[in-house]
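One structure is given below, encoded as structure tokens.
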Amino acid sequence: MDIREADGKTVIALPKMLDLSAAQALRDLLLETLSSDVPTVVLQAEGVQRSCTAIVQVVLVAVSSFQAMSRSVEIQAAPEAFLGPFQHLGVLSDIADCVTS
């Protein structure tokens with residue numbers, strides 16, 4: 001995963017395949033970002049081709065944790081491959097406010 005700072009935000013470019021090892025890496029990056037003072041983390045999802053349930057869990061916890069600290073998560077350009085698992089699990093509405101074009 002590529003991580004960079006842009007416009008005062010932490011931007012994480014997600015890989016094509018979001019499997020269990022990617023979920024672990026994303027969790028670690030999000031925990032690191034949560035412990036910083038960056039107000040917003042951006043997940044760039046445009047290249048995602050496959051996603052697993054573990055990613056859903058990591059993203060849901062991240063959104064909740066950031067919001068509890070009056071911070072935010074943005075999910076940019078998320079394709080069906082990224083959003084589909086959220087839809088299938090019935091939790092898409094939990095991240096709907098985070099999804100941007």
- Task: Taking all protein chains together and a probe of 1.4 Å, list LYS9, LYS16 from the most accessible to the least accessible.
- Result: LYS16, LYS9
- For the chain, give the percent of accessible area contributed by carbon and sulfur heavy atoms, probe 1.4 Å, rounded to a whole number. 52 percent
- Message: How much of the DSSP bridge set in the chain is antiparallel, in percent, rounded to the nearest 5?
- Response: 30 percent
- Note on the structure: Per-residue ellipticity at 222 nm attributable to helices in the chain (runs of n ≥ 4 DSSP H, -39500 (n - 2.57) apiece, nearest 500 deg cm²/dmol) works out to -12500 deg cm²/dmol
- Accessible surface, per residue, of the chain when the full set of protein chains is kept, probe 1.4 Å, Å²: 53 Å²
- Item | Mean projection area, nm², convex hull over Cα of segment 4-101 | 5.5 nm²
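The values are calculated or read from the model by the stated rules, or taken from the named source; none is laboratory data. If you're wondering where the values come from, they're calculated on a predicted model, not measured in any experiment. Note: areas computed on protein heavy atoms with side chains; ligands, DNA, RNA excluded. Shrake-Rupley method; radii C 1.70, N 1.55, O 1.52, S 1.80 Å.
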